[in-house]
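Contents: one structure, followed by commentary.
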Amino acid sequence: MSRLLQRLFGRLPIGWLQLTHNRTRFAAALAGVAFANVLVFVQLGIMNSMGAATLRPYTFFQPDVMISAGDANSLTDGGNVARQWLLQAMADPDVTDGMGLFIANVPWDRGDKDISLTTFGIDPVKPAFLAPEIATDLTLLQVQDAAILDRLARGLGKEEAAAIRPQSPLSFETQGRTVTAYSTFAGGGGFGGDGYMLVSDQTFLSLFPARRSAAPDHILLTLRPGAQPEAVIARLKTLISDPSLRIRTYAQAAEDDLVYQQTRRPTGIIFGFGVLIGVLVGLVIVYQVLSTDVADHLREYATFKAMGYGPRFFLGVVFEEALVLGILGFVPGLIVGTSILLIMGAITTLPLAMTPSMAASVFVGTIVFSALSGAIATRRLAAADPADLF
Amino acid sequence: MDSDAVVDVRGLNHWFGSGDMKKQALFDVNLTLKRGSFTVLMGPSGSGKTTVLTLVGCLRAVQDGSVKLLGQELNGAGEGQLVALRRRLGFIFQAHNLHESLTAAQNVMMGVQVHGGVPDRTVEQAALHALGLVGLADRTSYLPGNLSGGQKQRVAVARALVSSPALVLADEPTAALDKDSAAEVVDLLKRMGQSRGTTTLLVTHDNRILDRADLILTLEDGRIIRVEERN
């Protein structure tokens, strides 16, 4: 290792030799860096899971354009949209079809605890609006009080969910009615609910008698293939005389939701700060390790100064140490971080996972911040006055 | 100025502290070190010996007077010039000041690498050769922690001399050593200096060394009070 580094640097790898001279301290320093990495990984994982959980329900549907109320910052927030605008929008030659989407939460008494299912009321004869996995089962919903259940819902046993088939459905009571699930799809618990359920709009209106068929939560539109969504939206805005409505592409609506969750909702802001604090703690740990090391070797550095070594040499040594710590500390940090995210994901059913981009950005961040701490730590070198050696 | 002089000091004054605390440490010091000479600077502690050494060794800025080292004036010299000059010197400290994390050979290699651009193999060979000259050929891969006091100081001598410096500055190199080790280290300095034409300035109050000196300067209260030429 030492020989390899020597070839690499064109000089003795002083930093490496210095760090590895005291094995116990080296292990402690690496543990410190690894801990900082784990901290950032966990915070980043939670923040990313919030994003993934926010975007997940959007993957159940595949319209081109979505019309929502002005205050509908997310799928479940905000007021209704009058269905008359759906008819108006159909007047545009590029709009091929439209569907009202109803959304509300239903409680499900699971004995030891209640879980909350975010329920979507949809038109069961319009599979074009749904993701293929769901579209194939859509006809099942034409039966009154039929449902397609989220098999990843929190509190639903794996085997129990796997047993749900048209020939062996699962019935349960909610909102004073008996709902029967004939099939399942892959949803998953989020921050707002424990899982999802799809029912027909008729079943939805029976479950929620106060809701009116003339006022869905969102209006979904599909466009003729090759149509320019932006041009259609511009025309729809003149066609629909309610300026408070938000008419956006479906992808834009999902992105707006994500930005809203990350920047305007307390949870998003808290997770963002979690990442920031993780980075700061990591910076402090690496700085502490490096500056202690510089302080411990002031006498040696002063000797090297006396021998004629210049500032670039010392900066190189400290950078070398920063790189060694950053790279070697990252490995255990990645292993422990991934394990913690897996365990947390299994417990919460949130989409918590180590992603390659997370690993890459934390690695680059570790190297950059290590080098930065190293650069700050070299300021202590000014105290290494060779004249004091005599 | 004598063209054969490695060091030529004229009218050197030096002060420490500032304001009311300002105290003069050196008064009108003059000295000349001829190429290849072995000079001992004597005097009680606090007499200013070390100050002279650090000024000549480019480790302190010259305040007043002239210090010419290897033909270059140090008074008013820039940091870059001082660092470059230091590379042509060899320092031996009272404490060996070896790097604890480096082996004996690696410590000596640091004395070669400072010049830069030397191939790894050459650096290593030079270091091993220097260690052989100080009688430590069988200790090259030892860490300083596993060497005796005399052996460590010999490694330090090898480090100072490995790149054949024009001037070796040694500050009480024998203070921490027993009689035999001290004699060995001084003989080594003297012998290697002679064979390579190196000039040596050695600060000490160890009388055991004096009979090896070509020139003995005695400093007291910042003034040179006696100049004694031998041989």
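Chain B and chain A together bury an accessible surface of about 2500 square angstrom, both sides counted, with a 1.4 Å probe and no ligands or nucleic acids included. Approximating the spin labels as points 7 Å out from Cα along Cα→Cβ, the B:Ser66-to-B:Gln24 distance works out to 2.0 nm.
Normalised by the number of residues in chain B, the mean separation of alpha-carbon contacts (under 8 Å, six or more apart) gives a relative contact order of 28 percent. What is the list of residues in segment A:52-69 whose amide nitrogen lies under 19 Å from a point 7 angstrom out from the Cα of A:Arg83, following Cα to Cβ? So the set is A:66-69. Applying 1/(1 + (r/R0)^6) with R0 = 56 Å to the Cβ-Cβ distance of A:Ala215 and A:Ala382, what FRET efficiency is obtained, to the nearest 0.05? Here the calculated transfer efficiency is 0.20. Placing pseudo-labels 7 Å out from each Cα toward the beta carbon at A:Gln228 and A:Phe191 gives an inter-label distance of 3.7 nm. Extending 7 Å from Cα along the Cβ direction at A:Ala295 and again at A:Glu160 yields two label points whose distance is 5.7 nm. Residue-wise HN-Hα couplings along segment B:179-186, as the Karplus relation 6.51 cos²θ - 1.76 cosθ + 1.60 with θ = phi - 60° gives them from phi, are 4, 5, 4, 4, 4, 4, 5, 5 Hz; Gly and Pro carry x. In the elastic network of chain A, a GNM with C-alpha springs shorter than 10 Å, the most mobile of A:Gln84, A:Gln261, A:Gln62 is A:Gln84. Counting only protein heavy atoms and a 1.4 Å probe, segment A:82-244 has 45 square angstrom of accessible area per residue.
What does the helix-only formula give at 222 nm for chain B: each DSSP H stretch with n ≥ 4 adding -39500 (n - 2.57), the total divided by the residues, and the result rounded to the nearest 500 deg cm²/dmol?
On the way: 6 runs with 71 residues, N = 231.
Taking each H run of at least 4 residues, the total per residue is -9500 deg cm²/dmol.
Comparing each chain alone with all protein chains together (probe 1.4 Å, DNA, RNA and ligands left out), the residues of segment A:253-301 losing at least 50 Å² of accessible area are A:Glu300.
Here A:Ala346 and B:Arg35 are evaluated by their C-beta separation; at R0 = 60 Å the FRET efficiency comes out at 0.15.
Stretching A:Asp71 away from A:Val284 to a fully extended chain increases their span by 72.4 nm, per 0.36 nm per residue minus the current alpha-carbon distance. Ranked by solvent-accessible area (1.4 Å probe, protein heavy atoms only, all chains present), the residues A:Tyr182, B:Tyr142 order from largest to smallest as B:Tyr142, A:Tyr182. Comparing segment B:146-231 with the 2.2 N^0.38 Å rule of thumb, its C-alpha radius of gyration ratio is 1.11 (two decimals).
GNM remark for chain B: springs join alpha carbons under 10 Å apart, and the peak mean-square fluctuation among B:Gln153, B:Gln72, B:Gln106 falls on B:Gln72.
Here the Gaussian network model covers chain A, with springs between Cα atoms less than 10 Å apart; of A:Gly310, A:Gly326, A:Gly188, A:Gly310 fluctuates the most.
Across segment A:165-173, coupling constants 3J(HN,Hα) worked out from phi with the 6.51/-1.76/1.60 Karplus curve, θ = phi - 60°, read 9, x, 7, 9, x, 10, 10, 8, 9 Hz, and Gly and Pro carry x. Database remark: amide H of A:Phe185 closer than 5 angstrom to the amide H of A:Leu149, A:Asp150, A:Arg151 (H placed geometrically; neighbours at sequence offset of 5 or more, or on other chains; Pro and chain starts carry no H). Computed from phi, the 3J(HN,Hα) profile of segment B:84-100 under the Karplus parametrisation 6.51, -1.76, 1.60 (θ = phi - 60°) reads 5, 5, 4, 5, 9, 10, x, 10, 10, 9, 4, 8, 4, 6, 7, 7, 4 Hz, with x in place of Gly and Pro.
With a 1.4 Å probe and every protein chain kept in, tell me what percent of the accessible surface of the protein assembly as shown is carbon plus sulfur.
56 percent
Taking every DSSP bridge with both residues inside the protein assembly as shown, close to 65 percent are antiparallel. In whole Å, what is the distance between the alpha-carbon centres of segment B:149-214 and segment A:4-63? First find each Cα centre; the distance between them is then 50 Å. Summing +1 for each Lys or Arg and -1 for each Asp or Glu among the other residues whose beta-carbon sits under 14 angstrom from that of B:Leu219 gives -3.
Using the Cβ-Cβ distance between B:Ser195 and A:Ala28 with R0 set to 45 Å, the FRET efficiency works out to roughly 0.40.
Averaging over all projection directions, the Cα-based convex hull of the protein assembly as shown occupies 41.8 nm² in the image plane. The slack in the chain from A:Val259 to A:Gln167, taken as 0.36 nm per residue of separation less the alpha-carbon distance, amounts to 28.9 nm.
With contacts taken as Cα pairs under 8 Å and at least 6 residues apart, segment A:82-244 reaches a relative contact order of 33 percent. Distance from the Cα centroid of segment A:325-390 to that of segment A:178-249 is 44 Å (rounded to whole angstrom).
Looking at segment A:82-244, the DSSP beta bridges with both ends there are about 70 percent antiparallel.
The values are calculated or read from the model by the stated rules, or taken from the named source; none is laboratory data. Computed from a predicted model, the values in this text were never measured in an experiment. Heads up, the Cβs are rebuilt from the backbone with ideal geometry, glycines too, and the neighbour counts pull from every protein chain shown. Side chains are part of the model used for accessible areas, which takes the heavy atoms of the whole protein and leaves out ligands, DNA and RNA. Shrake-Rupley method; radii C 1.70, N 1.55, O 1.52, S 1.80 Å.
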